[in-house]
Amino acid sequence: MQADLDAVMPGVFQIHTVNATGYDVGLPDLFAISNLPGLQDDSTNNVWSNWGVTYRDVYILDEHNELYSVYNLTTYGLATQANYQALYDLFLAAAP
């Protein structure tokens with residue numbers, strides 16, 4: 001999806017992964033299958049808890065870094081074209 005978004009609005013979107021605290025043992029596997037930048041959550045920042053993250057949530061922030069939308073990839077898998085398009089459209093709608 002990053003490449004598709006870059007094709008229409010280069011440099012506007014930055015998709016990152018955030019790995020939950022305590023799951024850092026899987027980071028090498030994550031980075032082996034993804035070209036997205038990844039961040040490791042920790043007990044100091046506690047992003048997953050502070051944001052109320054559910055596994056496989058996509059948080060879309062607007063141009064002011066404020067929450068625009070949350071889309072869960074477990075519920076709406078991207079293998080379904082309609083779901084892919086819905087998430088893609090959310091990104092575009094949040095763009096400046």
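A few remarks follow.
- Residue tally, condition surrounded by 12 or more Cβ atoms within 10 Å (Cβ to Cβ) and over 12 Å from ALA95 (Cα atoms), over the range 7-17: 2
- Condition met for ASP57 (under 14 Å from the mean Cα position of the chain (by Cα), modelled with pLDDT of 95 or more and surrounded by 10 or more Cβ atoms within 10 Å (Cβ to Cβ)): yes
- Test result for ASN45, in a helix (DSSP H, G or I), out of contact with any Gly (no Cβ under 6 Å at 6 or more places or on another chain), free of Cβ contacts under 8 Å to residues at least 24 places away in the same chain and not acidic (Asp, Glu): no
- The set of residues in the range 48-79 that are among the aromatic types (Phe, Trp, Tyr), in a helix (DSSP H, G or I) and without any contact (Cβ under 8 Å) to a residue 24 or more places away in the chain contains only TRP51.
- Checked against (1) assigned to a helix (DSSP H, G or I); (2) aliphatic (A, V, I, L, M); (3) in contact with a helix residue (DSSP H, G or I) (Cβ under 7 Å, 6 or more places away or on another chain), ALA82 passes all but a single condition, namely (3).
- Comparison of LEU30, LEU5 shows that the only residue that is modelled with pLDDT under 90 and either among the aliphatic types (A, V, I, L, M) or in contact with a helix residue (DSSP H, G or I) (Cβ under 7 Å, 6 or more places away or on another chain) (or both) is LEU30.
- Hey, SER69 surrounded by 14 or more Cβ atoms within 10 Å (Cβ to Cβ), within 16 Å of the chain's Cα centre (by Cα) and hydroxyl-bearing (Ser, Thr, Tyr) or not: yes
- Filter result (among the hydroxyl-bearing types (Ser, Thr, Tyr) and within 22 Å of PHE91 (Cα to Cα)) within the range 18-72: SER34, THR54, TYR55, TYR59, TYR68, SER69, TYR71
- Number of residues in the range 37-68 that are more than 13 Å from ALA20 (Cβ to Cβ) and of a type outside the set (Val, Ile, Thr) equals 10.
The values are calculated or read from the model by the stated rules, or taken from the named source; none is laboratory data. In this text the structure is predicted, and so the values were computed from the model without any measurement. In this analysis, Cβ positions are derived from the backbone assuming ideal geometry, glycine residues included, and neighbour counts consider all displayed protein chains.
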